[in-house]
Each structure stands twice: as C-alpha cells, then as structure tokens.
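What follows is calculated from the coordinates using simple rules that are stated; it is not laboratory data. Keep in mind the model is a prediction, meaning the values are calculated, not measured. Here Cβ is always computed from backbone atoms with ideal geometry, including for glycine, and neighbour counts include all displayed protein chains.
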C-alpha cells in the first residue's frame, strides 16, 4: 500500500480516480509544489473519490473491481490506511421481488457528502440508475427506492456508458431537496427526501430520440450548482449546455458561442456562481453512433469559460495543446478548488492532468503518464 499524504489544514487535496486505482495529491495555497501518493486500490477501476470534511475528514472512494464487484472504500488518515464498507450499496429485497432475478449494483459512479446538519449522511449513485444513502459516514448503505422503483423506470434507456446515476446536487438549506442526473434518463428532483422524484427536463434537447423534447430520456453528462445560488443549475448535456434559474423547472440552452454542443466535463468557479467551464468535444456529422468522436473539437484542447452564466464564452488556450490534441475527458474529469484565484483541474483518458492557478487564464501540466483518468475531485483539508 502506498503511504498517505502529509498535509496541513487548509491545504489543497486533489483526488484522482483512474482505471488502475486512485492517486492523492496535496499542495499548500501556492499550488506550485505537489505531493503525490498512490496508487491506492490498484486493482480497481475508481470512478470517483470525494472528501467529507465532517468528523475530522474522510476520503471515500467508489471502486469497481473486476472480481469483487463495486465497493465503497474510505480512509480517515489521508490514504495511510483504508477500509471497505461493511454494508456496501445493494438493492433492497423489495426491489428484487419486482424483477424475476432481482437487480444488482454493477458499478458505483459518484459519491456525495451530505449537509453539515446531517454529519453521517453520504449519498452514492450507481448503475443501473439508483441512489443509496449512508447514515454512518459510508460504512452501511440503504437504497432510496424512489429512484429505482420510479413509475417511469421501465422506459429508461442507458447511454453509451450505461444506465447510471452520476450527478447529485444537494440544497444546502433543505435536506429534503435534491437533484440527480442520470444517463440517458435526464435530471430528476425531489422535495421530500427522496420518497418521490419528478422529471426536470423542460427545454432540454434529446436529438437522438424520436421526440427531441421529451419529458425524460435526455442524456445529461454532468449537473452542478453553486451552493450560494442553488436554484441556478447547470448541465453539460449530450445535446448542449443548459442553465435553469428555477431549480430545474425549465432550462435555457446556453450553447451559442461554443464550437460543439457535445462534451462531458463541467466546472463552477468556487467564488463566482456566474463563472463556469466546459470542454467541447466533436461528434461525427450526420450520425450519433458511439456518441461522437469523443475528442476535443478540431483536436484543440480549449477550455471554454463563461463569466456571465453562459451568455457568452471565451476560449482558454494558454498552456494547453492546440494542435493534434486528440484528447478526451470523462464526465467527472474537472474540478475547482476553494482558493482565490480559483484553481481548475482537468484530467484526460490518456493520463494527463492539467491545471490552472488563475481562474483558467493560463494552464500547466501538473502530472502525466497516469492510467486513464476517470475523475478529478478537489477539497480543502480540515
């Protein structure tokens, strides 16, 4: 096992999930020199990591093993030691009775710590699209059956990556209010703690479907909101970038000014809820077989920034490869830190980790030659 990090409170913690385990990086507020440790869970496909700052700080990992299946793993000492959840996410008996053989959790996609008012709560998104909740910091999990037994469930279809729940937005003032993003189902919201869920997709396109504006059946790739303005939701969708100003009741297309409607990653500036980041990628013209070419538009690695909530966009290229850059980033591949100016971190499926220390104005290569990067997440160490 790789040693853990030696870091101080307030340092930046960067968590990188790859197809061959995870890596932990830390730096002080200068972000110039980085400590790197790993790989952890080296035999696993780590889809996502998160840091729970409550109760002293815990790193949680959504690790998918070829032999042992999906596991929740966690460390309370910055990677020095790891434990596996005693009761990992599994479907309830009631859900099993609804189908002949009973569903099984095939992969874990995303982990999200709960609110400060609920110190033990953590959420996990899984495949097939389902949501699980832990009350004890991630050690034991229960299914929130309002998603997996939704009345429309039989009509849900998978995206190319599977039928997965990959995004969660929690209302910091209301533990009963939450949104999730599922591929290729859409955005659903709850206001009763997950007992009931309602589609929140009005105005979002599904160009690959017979009805291009269905109630559900869209393919959001990532959904985020700034905690200071929770009713303003953003999503990078298979068919464009969108913003909702009313908690997902309806959405506005904000793709104009971008070179492609297609992309995966999405980031929000930590201090400014109007500043967002996307990475446009190309699709095959006239067809959507395979979801597109899945590398950056025109083979130019350009992060696009909007400082006005998507009304206009600018290409950020300083320090990024602008020729023959056949690079691709997955939906969890971008993160932003808590510092001012804001740091932005972006990983690729060919193992490069780029970052900016100045809101995206200029970029550097932080690390390369990693295994294919599934996810990048960032936090401040407590």
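Taking 4 °C and 1.567 mPa s as the conditions, I'd like the Stokes-Einstein D for region 7-92 in µm²/s, using the Kirkwood hydrodynamic radius from alpha carbon pairs.
96 µm²/s
Run the quick spin-label model on residue 272 and residue 381: label points 7 Å from Cα toward the beta carbon, then report their separation in nm to one decimal.
About 3.0 nm, to one decimal.
Could you compute the FRET efficiency for residue 42 and residue 252, with r as their C-beta to C-beta distance and R0 at 35 Å, rounded to 0.05? Walk me through the numbers before you get to the answer.
Numbers: r = 44 Å, r/R0 = 1.25.
Once the sixth-power term is evaluated, E becomes 0.20.
Rounded, prolate or oblate: which fits region 258-358, taking a ≥ b ≥ c as square roots of the Cα gyration tensor eigenvalues, rounded meaning a/c under 1.5, else prolate when a/b beats b/c?
Working: a/c = 1.91, a/b = 1.51, b/c = 1.27.
Taking the square roots of the gyration eigenvalues as a ≥ b ≥ c, region 258-358 is prolate.
Any chance you could run the full-extension gain for residue 338 through residue 65? It's 0.36 nm times the residue separation minus the Cα-Cα distance, nm to one decimal.
Working: separation 273, 0.36 × 273 = 98.28 nm, distance 3.18 nm.
Answer, rounded to one decimal: 95.1 nm.
Given a Förster distance of 25 angstrom, what is the FRET efficiency for residue 364 paired with residue 77, based on the Cβ-Cβ distance and rounded to 0.05?
Working: r = 29 Å, r/R0 = 1.17.
FRET efficiency, residue 364 to residue 77: 0.30.
Where Rh is the Kirkwood radius over the Cα pairs of region 12-380, the temperature 4 °C and the viscosity 1.567 mPa s, what D in µm²/s does Stokes-Einstein return? The partial results should precede the final answer.
On the way: Rh = 20.4 Å.
So the translational diffusion coefficient is about 63 µm²/s.
Is the C-alpha gyration tensor of region 182-299 telling us rounded, prolate or oblate? Criteria: a/c under 1.5 is rounded; beyond that, a/b larger than b/c is prolate, otherwise oblate. Could the numbers behind the result be given before it?
Working: a/c = 2.17, a/b = 1.26, b/c = 1.73.
It comes out oblate by the Cα gyration axes.
Checking a compactness column here: for region 124-218, what do you get for Rg(Cα) / (2.2 N^0.38 Å), N being the number of residues? Don't skip to the end; give the middle numbers.
Working: Rg = 13.4 Å, N = 95, 2.2 N^0.38 = 12.4 Å.
Taking N as the residue count of region 124-218, the ratio is 1.08.
Can you tell which of 127, 143, 311 shows the greatest fluctuation in a Gaussian network model of the chain with Cα springs below 10 Å?
Per the Cα network of the chain with a 10 Å cutoff, 311 tops the list.
Between residue 92 and residue 34, how high is the FRET efficiency from 1/(1 + (r/R0)^6) when r is the Cβ-Cβ distance and R₀ = 51 Å? Nearest 0.05. Kindly include the intermediate steps, with their values, before the conclusion.
On the way: r = 43 Å, r/R0 = 0.83.
With a Förster radius of 51 Å, E is 0.75.
With each pseudo-label sitting 7 Å past Cα toward Cβ, what's the residue 245-residue 191 distance in nm, one decimal?
Result for the modelled spin labels: 2.0 nm.
Fully extended, how many nm does the chain gain between residue 324 and residue 229 (0.36 nm per residue separation, minus their Cα-Cα distance)?
30.3 nm
With springs only between Cα atoms under 10 Å apart, run a GNM on the chain and tell me which of 197, 109, 68 wobbles the most.
Comparing 197, 109, 68 in a Gaussian network model of the chain, the most mobile one is 68.
How far apart, in nanometres, would the label points at residue 312 and residue 215 be if each is projected 7 angstrom from Cα along the Cα-to-Cβ direction?
It is 4.1 nm.
Can you give the helix-only mean residue ellipticity at 222 nm for the chain, where every DSSP H stretch with n ≥ 4 adds -39500 (n - 2.57) and the sum goes over all residues, rounded to the nearest 500 deg cm²/dmol? Don't skip to the answer; put the middle values down first.
Details: 2 runs with 9 residues, N = 382.
That comes out to -500 deg cm²/dmol.
Between 131, 60, 370, which gets the highest mean-square fluctuation from a Gaussian network model of the chain, Cα cutoff 10 Å?
370
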